[in-house]
Amino acid sequence: MPKGEEQLAASRILAVTEEELRRIILDLHDGPVQQLFAAQAQLHSLQSRSNHGEAIPSEEYQLTFQRVSRLLEASLAEIRQFLGTFRPPDFASQDLVEMLHGLFMHHELTTGVVVDFAVTGSPMVPHLPLPGKITLYRICQEALSNAYRHAKAQQQRVLLHTSPGQICLTVADDGIGFQPPPLRGPQATEREEHIGLRGMRDRVDLVGGTFELDSKPGHGTRITVKIPIHG
Ligand SMILES: Nc1ncnc2c1ncn2[C@@H]1O[C@H](COP(=O)(O)OP(=O)(O)OP(=O)(O)O)[C@@H](O)[C@H]1O
Ligand SMILES: [Mg+2]
């Protein structure tokens, strides 16, 4: 291979590796790490109520233990899958809408928060490419987790809308809202330890889509992701 071509190939391989590494970090963050956070939050809440002298009914302990145990099992299962293949296998074989139903059911079982889910528009594209499917699923997972951890939301709504050439996901909560940091440019005030929002934007970039975040203190939060699709 001539030198120029060799360099090009090497830089392509490096780019792929870099991209894959970013995806693995984000998958770990949005999957098992968020499940562990949810488990920790539930234990902390019980502990702090008990420290304040509240008599907690035994049914509530039972329910919390069940939820925490489900969260730990699910995060362990994901970590095991990562160690085996670096990619939870279900993504390749399952339909996105089915996977989202499963995610919301799991969210409800483990947090007690119900998700209102609607699918609209033209019939689902039969072959949403794998990177797009993973992007939408993981963003949904992180947005639900953020709403649960930070927003004190009572209600979470997810809409998946398909139109020719595009699939659009919105995830909205009616929680406390916040002043979102600029996600790009010299004014960006991202803190290194906050991976979630930055990760959403990075994931969308990798599949050539757009990402918007609307939030205001007192007015809830909505994220909108649009991904181009073909066929
Ligand atoms: N739905 C939401 N409602 C209210 N505040 C939010 C919401 N989503 C994010 N935030 C605020 O934005 C901050 C950054 O969110 P981000 O997801 O990037 O990081 P994080 O959730 O704190 O940590 P992690 O890296 O585990 O995701 C949060 O700490 C929180 O203050
Ligand atoms: Mg987060």
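The values are calculated or read from the model by the stated rules, or taken from the named source; none is laboratory data. Note that the structure is predicted; figures quoted are calculated from it, not measured. In this analysis, Cβ positions are derived from the backbone assuming ideal geometry, glycine residues included, and neighbour counts consider all displayed protein chains.
Summary of values
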read-out	value
Contacts under 7 angstrom Cβ, first residue in the stretch 193-204 being farther than 10 Å from HIS29 by Cβ and in contact (Cβ under 8 Å) with a residue 24 or more places away in the chain, partner charged (D, E, K, R) and more than 8 Å from ligand 1 (Cβ to nearest atom), 6 or more apart	ASP202/ARG22; ARG203/ARG138
Some residue of the stretch 119-130 being modelled with pLDDT of 90 or more, more than 16 Å from ligand 2 (Cβ to nearest atom) and more than 14 Å from the chain's Cα centre (by Cα)	yes
Elements of type helices (runs of 4 or more DSSP H) in the stretch 1-94, at least 3 residues being modelled with pLDDT of 70 or more and crowded, with 16+ Cβ neighbours inside 10 Å	3-28, 34-51, 58-85
Single residue of the stretch 131-165 satisfying the filter (assigned to a loop (DSSP other than H, G, I, E, B) and away from ligand 2 (no atom under 16 Å from the Cβ)) that is farthest from ARG198 (Cα to Cα)	PRO164
Cβ-Cβ under 6 Å pairs, at least 6 apart or on other chains, the stretch 129-156 side farther than 13 Å from LEU103 by Cβ, far side of a type outside the set (Ser, Thr, Tyr) and away from ligand 1 (no atom under 11 Å from the Cβ)	PRO131/VAL207; GLY132/VAL207; GLY132/ILE227; THR135/ARG203; THR135/VAL207
Condition met for PRO186 (more than 18 Å from the chain's Cα centre (by Cα) and either modelled with pLDDT of 90 or more or exposed (fewer than 12 other Cβ atoms within 10 Å of the Cβ) (or both))	yes
Residue tally, condition in a loop (DSSP other than H, G, I, E, B), within 12 Å of ligand 1 (Cβ to nearest atom) and modelled with pLDDT under 90, over the stretch 192-220	4
MET105, sole failed condition from (1) assigned to a helix (DSSP H, G or I); (2) touching a residue at least 60 places away in the same chain (Cβ under 8 Å)	(2)
